[in-house]
Amino acid sequence: MDSPPLSIGLSARSTLVMLDGRPVIFAETCQAIYEPNASAAAILDRLQEPVPLESLCDRLLPVFAGGVAELERLLVDWSAAGLIDVFPHETLSSAHGDRRAALPLGNGAAILAGHGGDLGWFDTFDYLPAAASGEPTAHVWSHNGLGIVRVADRPARVVPRHQIAAALRFSLVEAILAETDCIALHGACLVAGDRAILLLGAPGAGKSTLAMFAGECGMALAGDDIVLFDPRSGTGMPLALPLTLKEGSWPMIAATGWRDCRAEPVERQDGVTVKYLPLRRPVRETPLDIAALVRLDRSSEGDARLAPWSGTDCLRHFCSEAKSTTGKASVADIRAMVEVISRAETLTIGYSDAAAAGRLLGAHFVR
């Protein structure tokens with residue numbers, strides 16, 4: 001298999017110097033100073049001039065005490081610390097990709113481009129609309145045991161090959177949230193008719209699992225993590241990223257339409273192991289009016305039940321879970337939130353069984 005047309009070298013935001021007769025390297029990204037051992041220092045020294053991927057092992061292994069797997073582990077660690085970067089041999093805009101897809105953002109799309117012959121990881125995003133034209137937002141390559149993900153003009157991430165889908169998902173969200181003029185709301189989005197029902201709750205509350213079951217009951221699952229709220233229009237644009245299920249939810253997949261999905265466990269960079277399940281076609285490509293805001297209240301017993309949720313408590317939750325690029329909410333933002341809350345149904349759903357709660361949501365919202 002041909003190597004990607006890439007080189008690996010020291011990042012422009014790191015510098016290797018000698019102090020007290022010993023090498024040290026400073027990483028601006030994480031504001032840290034590292035003291036590599038002699039073997040690692042020899043590799044970093046050679047990376048001061050970028051080394052093509054095709055000759056990486058030939059150039060670096062002679063000065064390194066470990067083998068290929070250990071070298072790849074070091075490159076992953078150094079990438080996470082911001083010590084190294086990946087440099088393409090050609091302009092990325094001219095490299096269209098062997099597989100392409102578009103993640104709708106409401107006022108455009110983030111175009112994903114996968115390069116090379118081994119693109120099995122792309123199946124995780126295969127439900128997204130095809131992207132025949134347009135400059136890619138994200139480029140992904142694989143080489144031996146490594147995956148390389150570059151989003152927009154940000155430094156590339158070098159990750160273990162099996163983490164490509166997770167790294168791409170994380171990098172996309174990071175870039176989108178940094179650039180959007182909308183407010184990012186942490187929540188799952190279901191669609192009934194042409195309106196959005198948002199499931200809200202703290203991380204780990206079970207939004208993805210409940211959304212999976214509710215998606216079996218007459219509603220479409222449009223995204224399980226982030227909704228971009230536009231305070232000017234009062235609409236929400238769900239990010240159509242793969243449904244993410246943690247290990248405790250895996251046995252429940254067999255009771256849903258995802259039962260035949262061949263989703264392999266993936267350990268994310270935060271150490272959490274998940275399965276990514278593809279959303280169903282077609283994905284939502286335009287923003288939605290928000291019909292309901294539903295807060296999850298899981299308990300150990302009792303039938304699934306819906307109850308009113310006060311507008312004031314809903315506003316507090318909305319504010320606590322929302323993120324803007326400035327880090328602050330304006331008066332105009334709060335007024336937009338109040339307007340949405342005033343015209344939407346605001347409910348809590350108490351339940352112990354996610355399947356029963358999904359059926360209850362379907363019965364309530366599907367007319």
Requested in this report: Would you be able to say whether some residue in segment 290-313 is at pLDDT 95 or above, over 21 Å from Cys189 (Cα atoms) and not basic (Lys, Arg)?
Outcome: yes
Query raised in the report: Is one or more of the residues making up segment 58-79 surrounded by 17 or more Cβ atoms within 10 Å (Cβ to Cβ), closer than 30 Å to Ala240 by Cβ and modelled with pLDDT of 90 or more?
Result: yes
Query raised in the report: Is it the case that some residue within segment 45-53 is outside any loop (DSSP other than H, G, I, E, B) and touching a residue at least 60 places away in the same chain (Cβ under 8 Å)?
Result: yes
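Looking for something of a type in the set (S, T, N, Q), free of Cβ contacts under 8 Å to residues at least 24 places away in the same chain and loosely packed, with under 11 Cβ neighbours inside 10 Å - is there at least one such residue anywhere in segment 317-324? Let's see the steps before the verdict.
Filtering segment 317-324 down to residues of a type in the set (S, T, N, Q) leaves 320, 324.
Filter again for free of Cβ contacts under 8 Å to residues at least 24 places away in the same chain, leaving 320.
Subsequent filtering for residues that are loosely packed, with under 11 Cβ neighbours inside 10 Å retains 320.
Checked against the condition, which is being of a type in the set (S, T, N, Q), free of Cβ contacts under 8 Å to residues at least 24 places away in the same chain and loosely packed, with under 11 Cβ neighbours inside 10 Å, segment 317-324 yields at least one hit.
Conditions tested, residue by residue: (1) assigned by TED's automatic domain parsing to the domain that holds Ala196; (2) in contact (Cβ under 8 Å) with a residue 60 or more places away in the chain; (3) in contact with a Cys (Cβ under 9 Å, 6 or more places away or on another chain); (4) of a type in the set (Val, Ile, Thr).
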{"site": "Val294", "(1), (2), (3), (4)": "yes, yes, no, yes"}
{"site": "Trp309", "(1), (2), (3), (4)": "yes, no, no, no"}
{"site": "Ile334", "(1), (2), (3), (4)": "yes, no, yes, yes"}
{"site": "Ser352", "(1), (2), (3), (4)": "yes, no, no, no"}
Report task. Being surrounded by 22 or more Cβ atoms within 10 Å (Cβ to Cβ) and of a type in the set (A, V, I, L, M, F, W, C) is the filter; apply it to segment 214-225 and report the residue that is farthest from Ala363 (Cα to Cα). Result -> Ala222
Query - Residues that are part of a helix (DSSP H, G or I), over 15 Å from Leu288 (Cα atoms) and in contact with a helix residue (DSSP H, G or I) (Cβ under 8 Å, 6 or more places away or on another chain), drawn from segment 334-356 - result: Ile334, Val338, Ser342, Ala354, Ala355
Report task. Check segment 313-333 and report whether any residue there is part of a strand (DSSP E or B) and touching a Leu at 6+ places or on another chain (Cβ under 7 Å). Result -> yes
Query raised in the report: Going through segment 17-32 one residue at a time, which ones are more than 29 Å from the chain's Cα centre (by Cα) and of a type outside the set (Gly, Ala, Ser)?
Result: Val17, Met18, Leu19, Asp20, Arg22, Pro23, Val24, Ile25
Requested in this report: Filter segment 138-188 down to the residues that are farther than 20 Å from Gly82 by Cβ and touching a Lys or Arg at 6+ places or on another chain (Cβ under 6 Å), then identify the one that is surrounded by the most Cβ atoms within 10 Å (Cβ to Cβ).
Outcome: Ala188
Requested in this report: Would you mind listing the strands (runs of 3 or more DSSP E) fully within segment 92-172 where at least 2 residues are of a type outside the set (Phe, Trp, Tyr) and within 23 Å of Asp224 (Cα to Cα)?
Outcome: 99-104, 109-114, 146-151
Report summary line: Per the filter on segment 115-143, residues at pLDDT 90 or above and more than 19 Å from Leu279 (Cα to Cα) are His115, Pro136, Thr137, Ala138, His139, Val140, Trp141, Ser142, His143
Report summary line: Matching residues in segment 174-218 (in a strand (DSSP E or B) and among the hydrophobic types (A, V, I, L, M, F, W, C)) number 13
Requested in this report: Count, please, the residues in segment 170-186 that happen to be closer than 16 Å to Pro242 by Cβ and either aliphatic (A, V, I, L, M) or over 11 Å from the mean Cα position of the chain (by Cα) (or both).
Outcome: 3
Requested in this report: Just name the residue that is surrounded by the fewest Cβ atoms within 10 Å (Cβ to Cβ) out of those in segment 290-314 that are more than 20 Å from Arg343 (Cα to Cα) and of a type in the set (Ser, Thr, Tyr).
Outcome: Ser300
Query raised in the report: With respect to the numbered conditions (1) closer than 21 Å to Gln163 by Cα; (2) among the basic types (Lys, Arg); (3) more than 22 Å from the chain's Cα centre (by Cα), which one is the sole condition not fulfilled by Arg268?
Result: (3)
Report summary line: Over segment 61-91, the set of residues in a loop (DSSP other than H, G, I, E, B) and more than 16 Å from Arg150 (Cβ to Cβ) is Phe64, Ala65, Gly66, Gly67, Leu83
Query - Counted residues, segment 279-312 - those being in a helix (DSSP H, G or I) and touching a Phe, Trp or Tyr at 6+ places or on another chain (Cβ under 8 Å) - result: 0
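The values are calculated or read from the model by the stated rules, or taken from the named source; none is laboratory data. These numbers come from a predicted model, not from an experiment. For neighbour counting, all protein chains shown are included, and Cβ atoms are generated from backbone atoms with ideal geometry for every residue, glycine included.
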